[in-house]
């Protein structure tokens, strides 16, 4: 072989080696993520739902007259909005309940609620105290 052909051959070998190295690098860095089964996808969705429903304060409604053992159809309002502890306590990974969502020690305060009764076409007001949760924990 002539020296020119030898030089071209060496250059081609070097280029081929670089090309093989570049192909190897792209195939190792662009791995496909493992495919999840339908069941695996459903389990992950369930875990995400539990994470989103952890123990916390939730604004809800309550029939506070029922809780006070008062029964009088003339008293209003019948239902009020309050904060209550609610949600999941336990292992998200295993989907097991461990404990109950409850107010922290000192996590309950009394709040005054006005109620009224119609007597003789006029509203007569009274104040009633209801319990409202202020902070929660899993027990």
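Nothing in this text is a laboratory measurement; each read-out follows from the coordinates by a stated rule. Quantities reported herein were computed from a predicted structural model and do not represent experimental measurements. Because the Cβ atoms are built from the backbone with ideal geometry, glycine has one as well, and the counts that use them run over all protein chains shown.
Structure summary
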{"item": "Per-pair calculated FRET efficiency, R0 = 25 Å: residue 129 and residue 91 via Cβ, rounded to 0.05", "result": "0.10"}
{"item": "Range of Cα positions in segment 87-133 per principal axis (Å), largest first", "result": "60, 22, 9"}
{"item": "Full-stretch length increase - residue 137, residue 114 - with 0.36 nm per residue and alpha-carbon distance subtracted", "result": "5.3 nm"}
{"item": "Residue 105-residue 74 pseudo-label distance in nm [points 7 Å out on the Cα-to-Cβ vector]", "result": "4.6"}
